[in-house]
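A quick write-up on the structure given underneath.
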Amino acid sequence: MTDTPTFGRFDGRDHLLPVRVYYEDTDFTGVVYHANYVRYFERGRSDFLRAIGIGHAQLLDDDAPLAFVVAEMKLTFVRPARIDDALLVRTRYGAIRGPRLMISQTIERDGEVMCRADVTAVCIHLDGRPRRPTRALVEAVTPWLTGGT
């Protein structure tokens, strides 16, 4: 049997990534530790890119290497997720403005929002200076944007 990697799926312009809560994700009460929501959101953003054919290693290997940093993230915790919960990370790329990518995300359980994130990711040169995304990145992401370029 061959394992096939999964990067989630799309529902319209939303990328959906299933995530299971493991013991290691929780505090001593069985509730997801707050910092782990950030990890789930990171997986959602990364797997969105993988699903449209853009990998982080590919961006680093380009003639003009590119990486991302999170410049801003606003989290709203709505309800606690618990051990063994089957969660869904919903990622929506809203707009590209210069070097910035505006992203909205939610973590849901059975259609109920557990946590929300508004994220501004910035494309950077490897020395940390902001830079515009490559044409290939913009062309790959543009069909999925909900708020334009």
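The values are calculated or read from the model by the stated rules, or taken from the named source; none is laboratory data. This is a predicted model, so every value here is computed, not measured. Note: ideal-geometry Cβ built from the backbone for every residue, glycine included; neighbour counts use all protein chains shown. With ligands, DNA and RNA removed, areas are computed over all heavy atoms of the protein, side chains included. Shrake-Rupley method; radii C 1.70, N 1.55, O 1.52, S 1.80 Å.
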Practice task
Please report, in debye to the nearest 20, how large the charge dipole of the chain is about its Cα centre when each Lys and Arg carries +1 at its beta carbon and each Asp and Glu carries -1 there.
Solution key: 540
Fill in the blank from the handout: Once Arg135 and Asp11 are pulled to full extension, the length gained, defined as 0.36 nm per residue separation minus their Cα-Cα distance, is 42.1 nm
Handout entry: Å² per residue, accessible surface of segment 16-149 at 1.4 Å
Key = 54
Problem - Principal-axis tilt of helix 34-51 within the chain, Cα atoms, nearest 10 degrees - result: 50
Completion exercise
Counting only protein heavy atoms with a 1.4 Å probe and every protein chain in place, the carbon and sulfur fraction of the accessible surface of the chain in whole percent equals 50
Practice task
Subtract the Cα-Cα distance of Lys74 and Asp118 from 0.36 nm times their separation in residues, and report this length gain in nm to one decimal.
Solution key: 15.3 nm
Problem - Unit charges at the beta carbon, dipole of the chain: most positive-side option, Ile96, Ile52, Pro18 - result: Ile96
Exercise for the section: Compute the normalised compactness of the chain: alpha-carbon radius of gyration over 2.2 N^0.38 Å, N being the residue count. Expected result: 1.08
